[in-house]
Each structure stands twice: as structure tokens, then as C-alpha cells.
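For reference, the structure is listed below as C-alpha cells.
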């Protein structure tokens with residue numbers, strides 16, 4: 001029997017000339033096969049091989065073939081029905097490695113061969129599968145004699161597709177607390193790597209988690225749990241902790257340590273074959289550090305049902321406010337999980353606030369990593385839903401401080417579009433993420449930080465510097481390019497039309513509102529977006545488009561309402577509608593998007609809470625149902641499969657007290673008079689109040705000359721002349737797409 005505590009080596013393999021296969025155990029029973037079919041979460045963007053559906057096929061299961069990390073890949077060879085396993089040959093760069101494969105029986109009755117490819121050299125390796133003997137002789141002219149897949153291996157430390165590593169980068173493994181006690185210890189290299197460790201915790205009968213003592217028997221107070229598949233097992237949890245892509249990762253799954261150690265063919269009895277990937281929140285301060293926690297994998301609401309749980313420190317936006325690096329980390333950690341436990345049937349994303357950013361953008365830009373998501377306190381993205389709103393709030397607060405008698409509190413609130421005046425301050429404070437000295441992580445040494453005079457080449461602690469792999473740097477200044485722009489924005493336009501402010505106040509505001517310089521400080525001039533960065537925002541998918549992978553998966557948007565928070569809060573409800581608007585614009589429908597709204601309270605977004613927890617299990621059923629429909633109706637569209645398989649419980653709803661109100665969720669003013677809209681009203685932002693779209697998807701607006709005759713407000717001659725001076729560059733024409741606004745170039749981009 002294996003000891004309760006152990007170490008598992010899954011690091012980068014040495015570069016060698018031959019590729020070997022490592023397998024263990026014996027062929028398994030049908031229900032223990034790697035998967036029913038190749039899950040979308042491991043499907044490549046291009047055909048798996050050059051074989052046809054009835055012939056020989058070769059697949060990489062643990063990741064896309066071009067994103068292998070650490071020198072190991074789980075592969076599957078599928079012979080045609082007429083061939084026997086012994087009639088298959090597999091080569092790796094010309095070396096015969098057939099003896100390393102093992103037979104696996106699939107639930108639908110098929111037979112395949114699988115193995116772990118190890119010690120892959122960095123770069124490309126060509127895997128070739130072929131038929132031999134009678135199977136080769138029986139090939140028809142239309143059947144290929146062999147199929148091949150080119151595998152590209154990257155260092156386990158990355159990078160893979162997110163671009164060059166950020167420097168400086170502070171290792172924090174010594175501060176990372178292990179689930180069962182102790183810490184990871186010092187890193188072994190400058191990429192913050194540590195040896196992978198495995199330990200156990202258990203759920204006690206009095207409802208808490210505790211380290212599992214070493215020994216050959218379980219403690220008397222070990223609880224038992226019944227999983228979603230009906231298995232009753234001891235509530236003991238295997239937690240694997242290691243590093244991948246310079247992040248610390250954790251995976252957790254129900255597993256009795258008296259049983260064999262999991263591998264791709266020996267799944268724990270308590271695992272329901274689903275993986276929940278948890279994304280953590282935050283943003284300010286999310287740069288230059290490895291992070292000393294994940295989003296938390298010892299999660300009772302998930303583990304008790306049999307879900308495996310994974311997360312990583314660079315999937316906490318408070319450590320890494322970059323969805324691109326978060327996607328790369330997710331890919332690497334899912335690969336680690338597949339190599340240790342096998343490929344999950346599907347992967348469900350789970351994240352709030354900064355975790356919702358990640359879930360949305362990873363789903364859209366790197367389809368296949370997540371098969372369905374539950375998000376809470378959501379935004380579409382960080383760069384174009386949050387950043388303009390917080391920068392505009394900072395400008396409004398600065399204007400009010402400089403001109404204290406210009407607008408009343410209520411007038412300023414009306415201009416902001418927020419539900420409360422306090423919201424302006426909360427959002428303005430959040431603009432610290434645009435200041436390169438605003439929120440530096442405490443772990444970053446002060447001498448390495450940017451200072452305009454003392455250290456102009458130091459580390460800039462702001463969101464655009466952190467995204468320079470996408471936006472680039474200005475060759476003349478060396479500063480990060482920024483897609484931030486407010487030229488032509490008519491602040492307070494809705495307040496003017498509603499009669500909350502008059503024309504003179506409107507013009508005074510727009511004359512003095514200003515913009516932000518490269519260091520995030522308020523200046524008199526409007527902010528001009530760098531055209532290269534504006535194009536990159538759209539082309540790269542940093543502005544969530546919604547027409548990529550997000551269109552083909554279920555999205556459950558859980559909204560604890562905070563628009564009336566006493567001190568203001570940045571988690572405003574209109575962001576949920578922004579996402580829905582983008583989905584509708586990109587796909588002609590948002591039937592895959594469900595809104596669930598309830599009162600905000602501490603801990604409301606948890607898998608053991610009534611609404612959020614039910615949302616997870618219903619999402620699981622939705623993803624499963626859509627996958628079954630896709631098999632039964634391969635000619636149907638994903639949108640149709642999602643529409644037909646959506647569980648009845650998953651429909652737009654709000655909870656008023658203990659009462660659930662099932663009704664389409666509507667923003668104001670459409671929802672005025674609706675019970676949900678009245679109980680949980682939706683407001684807007686300064687850009688929406690300036691006439692911008694609810695989708696918040698215009699990075700830089702197209703300008704048109706100010707024309708008092710066409711303007712919806714009335715200007716006298718003097719006011720019109722002044723307006724032409726205030727808006728000398730023109731005003732935003734929101735009826736047209738923004739500058740460079742277009743769909744992303746495609747999925748799975750590399751930088």
C-alpha cells in the first residue's frame with residue numbers, strides 16, 4: 001500500500017533523442033476508461049490526425065498537441081474496428097515505442113491504446129501511428145496507411161502562448177501554506193519551481209477539515225459522503241501541490257489513501273469525472289509576484305459531491321491581473337491534472353469578480369479549456385468594462401474636488417450613471433490600477449519599483465504595463481501602449497437630456513473633466529488611445545467579443561446585488577447586461593446566458609449556498625445534456641444543443657427574500673415596474689450616461705463634428721459656439737462601431 005504522504009515528480013523532462021512511454025497497471029473495467037469520448041477540453045483546434053472517422057486515429061488527450069509542457073503527454077491511438085491492438089505500431093521521431101502502449105476499453109465498447117509520452121525534448125516531435133500485418137493488408141485505397149501528430153513541447157515553467165515572462169518576478173513558495181500543514185519551501189530555480197508534493201486532509205464528523213494522520217487506518221471521526229454519481233466513500237481528500245507555468249497549483253479530489261494512487265487509468269472511486277477550475281478575484285497589485293495562495297481547492301460544497309477541484313496562484317487576479325497569462329496557466333494546470341488523474345469528462349469554471357474576468361475571456365479566446373462557467377459579481381473583461389468606468393469616476397471626482405460648487409452630489413451621481421453618489425468614490429479608488437505607483441505588491445522590493453525621477457526604468461505596477469505582451473511599448477518613450485481613450489465623450493449627456501443639469505453645467509464639465517497621463521494622473525487634456533493598442537484590444541480578444549468559445553458553452557451569471565452598497569462598490573449589475581449584449585451582438589442570441597440575482601451577503605457565492613451551489617449542479621447537467629445531444633445530433637449547432645438541453649431550473653430569476661421570481665432580467669429603463677428590476681435595479685456608467693452602448697464594447701469612439709442642429713439638447717448660439725470649442729476634436733458617434741472595432745483574429749493566439 002502507498003504511504004499517505006508522498007512526492008510525485010511531474011517536472012520537465014530532460015531533452016533526449018528517444019521518446020519513451022510510461023504506463024502502469026492492467027487494463028481497466030469499462031467504467032474506468034479515460035473518457036466516454038474525447039472531451040472538448042482536450043480537443044485540438046485542428047484535426048487530431050490525418051485519419052478519417054472510420055480509420056486509424058491518433059490523439060493527444062492531456063492538452064492541445066502544440067501546448068504540451070514539461071515533456072509529458074497522454075496519447076491515444078484508435079485503430080479501426082477491423083484491426084486488433086497488436087496490429088498497431090507507434091513511432092516517435094522514428095523510434096518504435098509500440099511496446100509502451102496499453103489497451104483501454106471505452107464505455108461504448110471500443111478498444112483503444114493509450115500511453116504517457118515522457119522525456120519529450122523541447123520543440124517538436126512527430127508521432128506516427130500505423131497498421132501492420134493483416135490490418136495493413138486490408139486497408140482500402142481511401143484509408144491512410146499511417147497518421148501523424150506533431151507535438152510541441154514547452155518548458156514546464158512556460159511560456160507557451162502568453163509571451164515572454166514578466167521581470168521582475170517574486171517567488172513565494174516559502175509563503176504558500178499546504179492544505180495539510182507546512183509550506184512548499186524554497187524554490188529550486190529562478191522560475192520559482194518546487195517539487196510536487198501530495199498530502200491528505202479529511203472531513204471530520206463534526207464538519208471541519210483536518211490533516212489526515214499518517215498510518216494504515218483512517219481516524220474514527222472520518223465523515224462519509226455520497227457523490228453526485230451515487231458513490232458513498234470516506235471523505236478523504238488527496239491534495240496535489242506543485243508549480244506549473246511559474247504558478248503554484250493545487251488539485252483536490254476525493255480519494256481513499258488505502259487505494260492505489262490515481263493515474264490516467266485508475267480514477268478515484270469518489271471522483272465524478274468532473275473538474276471544477278476555480279478562479280480568484282482582485283486586480284490591483286496583481287503583477288510581478290507568483291502569489292501565495294490559489295482560489296482554494298479544499299471546497300466542501302464541491303468535493304462532497306465528487307467534483308475534483310483545481311486552481312493556481314496565477315489564476316488569482318490579485319496576483320496576476322492578466323487574462324492571457326491566466327489562460328496559459330489554466331492550460332498548464334489542466335494538463336498536470338490529466339497526467340495525474342486522467343482527462344475529466346468536462347471542466348466547469350467558477351469565479352467571482354476578477355475570477356469572472358478570467359472565466360469569460362478564457363472561454364472565449366481559448367475554447368476547450370472550460371465547458372461551462374458559473375460567474376459572480378461579474379464583468380465582461382478588465383480592460384474595457386472596468387478600466388474606462390474607474391478612470392471616468394476618477395475624472396469626475398477630480399472635477400468635483402476642483403470645482404466644488406459646479407454640481408451637487410445628486411447631479412454628480414446623475415452624471416456618473418451609478419446608483420449612488422458613493423459609487424463614484426469606490427470606482428475612483430479602483431483607478432489605482434492605472435497608476436504605475438498605485439498598488440505595488442508588498443513582496444516587490446521598493447528598490448525595484450518605478451519612480452518617475454529616482455527609478456524611471458523600474459517595475460510599473462499598472463494594468464497596461466502588465467499587458468505589454470499584447471499592447472506592446474512605444475518605441476519613442478519605452479512606455480506601455482494604452483488603449484485608454486475618452487476623446488469626444490460627452491460626459492453627462494443623459495443627465496442633460498433628463499434635466500438633471502443644464503447646458504452650461506454640461507459644457508463646463510466637459511471642458512474641465514480632462515484625462516489621465518501615462519502615470520495615471522489627472523491632466524487637463526483628454527486621453528488619446530494608442531492606435532496600435534486599440535487595434536490589439538480587438539484583434540487579441542482582450543476586449544471580450546463573445547463570438548468565440550463563449551458562444552458555445554453555458555454561462556450562469558450569479559449577481560449578488562451591490563448597486564446600493566452604503567460605501568459604494570465597483571461590482572455593479574450593469575456589467576452582467578454588458579456581457580449579454582455582447583453575446584447577442586456576436587451571435588444573434590444569448591440563450592446560453594442565464595442571470596440569477598439575490599441580495600448580497602458574505603459568503604453568498606459558495607458551492608454550499610442554495611443559489612450558487614444549485615447553479616453549479618444544474619450547470620453540470622446542462623453541459624452533460626448538451627454533450628449528449630452533440631453525440632446524438634452531430635449535424636446540430638452548439639447553440640441549438642444548448643437551447644434544447646438547458647435545465648428548467650436554469651432560467652432568469654431573482655430571489656426577493658425567500659421567494660424566487662422567475663422572469664426575464666431586464667435593465668432600466670426597460671425593466672421599470674418589473675419586480676426583479678425594482679428589487680435589484682440596474683444603473684449604468686459615465687460612458688453609458690454619455691450615450692455609449694450598454695455593451696461597453698467601444699474602445700475608442702468614432703468622432704463626428706459637433707452639430708447643434710442635430711444634437712438632442714437645445715443650445716443657444718453662444719452655447720453652440722462654446723460647445724464647438726469644448727469638442728474641437730468632435731463628439732462620439734455611438735451609432736457606428738468604434739475605431740478598429742472588429743472580431744478577434746481567432747482562438748488560441750500566441751504572443
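Quick note: the coordinates plus some simple rules give every number you see, no bench work behind them. Predicted, not measured: the structure shown is a model, and the values here were computed from it. Backbone-built Cβ (ideal geometry, glycine too); neighbour counts: all protein chains shown.
Some observations on this one:
- Spin-label model distance (nm) - residue 451 vs residue 82, 7 Å beyond Cα toward Cβ: 7.8 nm
- Separation between Cα centres of the range 686-738 and the range 60-91, rounded to whole Å: 58 Å
- Shape call, the range 479-562: gyration tensor on alpha carbons, a/c limit 1.5: oblate
- The range 115-137 and the range 517-583: distance between their alpha carbon centers, rounded to Å: 45 Å
- Considering only Cα atoms, the convex hull volume of the range 447-595 works out to 194 Å³ per residue.
- The Cα-based radius of gyration of the range 131-283, divided by its Kirkwood radius, gives an Rg/Rh of 1.12.
- With an a/c value of 1.5 or above and a/b larger than b/c for the gyration tensor axes a ≥ b ≥ c computed over the alpha-carbon atoms, the range 182-254 is described as prolate.
- Against the compact-protein benchmark of 2.2 N^0.38 Å, the Cα-based radius of gyration of the range 315-472 scales to 1.27.
- Spread of Cα-to-Cα distances over 10 Å intervals beginning at zero, given as percent, for the range 380-437: 24, 54, 19, 2
- Long-range Cα-Cα pairs in the range 519-594 (distance over 16 Å), rounded percent: 65 percent
- DSSP beta bridge pairing in the chain, given as percent antiparallel to the nearest 5: 70 percent
- From largest to smallest, the equivalent ellipsoid semi-axes obtained for the range 422-489 from the alpha-carbon gyration tensor read 22, 19, 10 Å.
- Under the simplified labelling scheme, the residue 214-residue 232 pair shows an inter-label distance of 3.3 nm, with each label point 7 Å from Cα along Cα→Cβ.
- Global form of the range 594-676, assessed from the alpha-carbon gyration tensor, a/c cut-off 1.5: oblate
- Between 0 and 90 degrees, the angle of helix 574-587 with respect to the longest Cα principal axis of the chain falls at about 70 degrees.
- For the chain, the Kirkwood hydrodynamic radius comes to 27.4 Å, computed from all pairs of different C-alpha atoms.
- Per-pair calculated FRET efficiency, R0 = 60 Å: residue 725 and residue 640 via Cβ, rounded to 0.05: 0.65
- Remark: C-alpha extents of the range 283-398 on the principal axes read 54, 27, 27 Å, sorted largest to smallest.
- Annotation: extensible slack from residue 223 through residue 633 equals 143.4 nm (criterion: 0.36 nm per residue apart, minus Cα-Cα distance).
- Acute angle (nearest 10 degrees) that the helix 503-512 long axis makes with the longest principal axis of the chain, alpha-carbon atoms: 60 degrees
- Where labels lie 7 Å past Cα in the beta-carbon direction, separation of residue 401 and residue 502 in nm: 2.9 nm
- Fewest-first ranking of 378, 304, 220, using other Cβ atoms within 10 Å as the exposure measure: 220, 304, 378
- Against the chain, whose longest principal axis comes from its Cα atoms, helix 387-402 is set at around 30 degrees.
- Alpha carbon centroid spacing (whole Å) that separates the range 139-205 from the range 358-412: 32 Å
- As a rough footprinting exposure proxy, the listed residues 132, 527 were ranked by other beta carbons within 10 Å of their own, and the order from fewest upward is 132, 527.
- Sorting 238, 742 from the fewest to the most surrounding beta carbons within 10 angstrom yields 742, 238.
- Fraction of the pair-distance distribution of the range 612-751 above 23 Å, Cα-Cα pairs, percent: 65 percent
- Distance-filtered residues of the range 266-285 - backbone nitrogen under 15 Å, label point 7 angstrom along residue 108 Cα→Cβ: none
- Size descriptor for the range 86-206, Kirkwood hydrodynamic radius: 19.2 Å (Cα pairs only, one decimal).
- Helix-only mean residue ellipticity at 222 nm for the chain, each DSSP H run of n ≥ 4 adding -39500 (n - 2.57), per residue, nearest 500: -6500 deg cm²/dmol
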